[in-house]
Amino acid sequence: MSTKLHEIARRMKYGKPVVIVSGLPRSGTSMAMKMLEAGGMELVVDNIRTADEDNPKGYYEDERVKDLAGMTDKRWLKEARGKVIKVVSSLLNYLPENNAYKVVFMRRNLHEVLASQTKMLVRREEESHSEDEDLLTMYTSHLEKVTFQLRFRPNFRALYLDYSEVVQDPSTAACRIADFIGDELDVDRMASAVDGSLYRNRRTSDGSPTDAAS
């Protein structure tokens with residue numbers, strides 16, 4: 001069966017897909033949410049977590065997502081069909097099977113992710129209880145498992161985007177997202193929603209800071 005026929009069959013069974021923005025914390029998920037909002041999609045957010053120094057544009061979260069692992073009644077997610085909701089990668093496995101999902105998955109250099117998470121903890125006067133190397137190993141394994149799960153869960157489709165590439169070429173990223181979602185999104189507004197000045201904690205492939213790091 002062709003991809004188009006698969007899409008039609010999926011739409012008939014589940015209705016419009018729930019668009020999920022996912023990735024590790026500090027991987028660019030809020031940026032992706034901002035792009036989709038600018039493109040014209042409706043977001044599922046509660047605005048309980050407000051913008052701060054770490055995310056000056058906002059977090060775009062819904063607190064109910066945090067309880068997915070232990071939640072028995074997930075019927076509220078049907079209301080997100082045709083809309084966008086952010087779900088951290090560790091909770092994707094708890095999404096119910098009675099929806100179709102299109103997942104915009106943000107990837108980022110893991111050294112940058114750790115550096116950003118560390119700065120956030122420092123600002124909150126909290127401490128990390130794991131060594132960086134242990135976290136790198138854990139994140140690498142976790143992402144491999146998530147990629148495998150997304151590939152073989154029949155009601156999931158995924159688009160993988162690299163954070164640095166989105167910042168460097170937001171127009172191409174916006175077009176890729178619009179093609180993946182399949183709706184008439186405003187790609188120019190999506191591209192303009194990317195704020196390159198917020199790309200902090202830049203690292204090279206070996207984890208060392210670049211001259212642009214902040």
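In this structure, does SER89 turn out to be of a type in the set (Gly, Ala, Ser) and crowded, with 18+ Cβ neighbours inside 10 Å? Yes; evaluated as a whole, the condition is true for this residue. Beta carbons closer than 8 Å, at least 6 apart along the sequence or on distinct chains, pair a first residue in segment 89-107 that is over 17 Å from ILE177 (Cα atoms) with a second that is of a type in the set (S, T, N, Q) and open to solvent by 10 Å² or more (accessible area, probe 1.4 Å) for LEU92/GLN149; ASN93/GLN149. Would you check which residues across segment 25-38 are crowded, with 24+ Cβ neighbours inside 10 Å and not in a helix (DSSP H, G or I) and list them? Across segment 25-38, the qualifying residues are SER27, GLY28. Of everything in segment 104-115, what is touching a helix residue (DSSP H, G or I) at 6+ places or on another chain (Cβ under 6 Å) and among the hydrophobic types (A, V, I, L, M, F, W, C)? Give them in sequence order. Scanning segment 104-115 gives VAL104, MET106, LEU110, LEU114. Annotation: of all residues in segment 101-129 being hydrophobic (A, V, I, L, M, F, W, C), modelled with pLDDT under 95 and closer than 23 Å to VAL65 by Cα, the one that is surrounded by the fewest Cβ atoms within 10 Å (Cβ to Cβ) is LEU121.
Contact annotation: residue pairs with Cβ atoms under 8 Å, 6 or more positions apart or on different chains, pairing a residue in segment 52-77 that is over 19 Å from SER90 (Cα atoms) with a partner that is among the small types (Gly, Ala, Ser) and surrounded by 14 or more Cβ atoms within 10 Å (Cβ to Cβ), are ASP54/SER116; ASN55/SER30; LYS57/SER30; GLY58/SER30.
A quick yes/no check of all residues on (1) touching a Gly at 6+ places or on another chain (Cβ under 8 Å); (2) within 16 Å of ARG157 (Cα to Cα); (3) of a type outside the set (Gly, Ala, Ser):
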{"site": "ILE20", "(1), (2), (3)": "no, yes, yes"}
{"site": "LEU24", "(1), (2), (3)": "no, no, yes"}
{"site": "GLU42", "(1), (2), (3)": "yes, no, yes"}
{"site": "PRO56", "(1), (2), (3)": "no, no, yes"}
{"site": "TYR59", "(1), (2), (3)": "no, no, yes"}
{"site": "ASP62", "(1), (2), (3)": "no, no, yes"}
{"site": "ASN98", "(1), (2), (3)": "no, yes, yes"}
{"site": "ALA115", "(1), (2), (3)": "no, no, no"}
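Scanning segment 53-86 for residues that are open to solvent by less than 30 Å² (accessible area, probe 1.4 Å) and modelled with pLDDT under 95 yields ASP54, ASN55, GLY58, TYR59.
Residues in segment 29-51 that are farther than 14 Å from VAL103 by Cβ and of a type in the set (Gly, Ala, Ser): SER30, ALA38, GLY39, GLY40, ALA51.
The values are calculated or read from the model by the stated rules, or taken from the named source; none is laboratory data. Treat the numbers as computed from the prediction; the structure is a model and nothing was measured. Reconstructed Cβ throughout: ideal geometry from the backbone, glycine too, with neighbour counts over all protein chains shown. Keep in mind that these areas ignore ligands, DNA and RNA; they rest on the heavy atoms of the full protein, side chains included. Shrake-Rupley method; radii C 1.70, N 1.55, O 1.52, S 1.80 Å.
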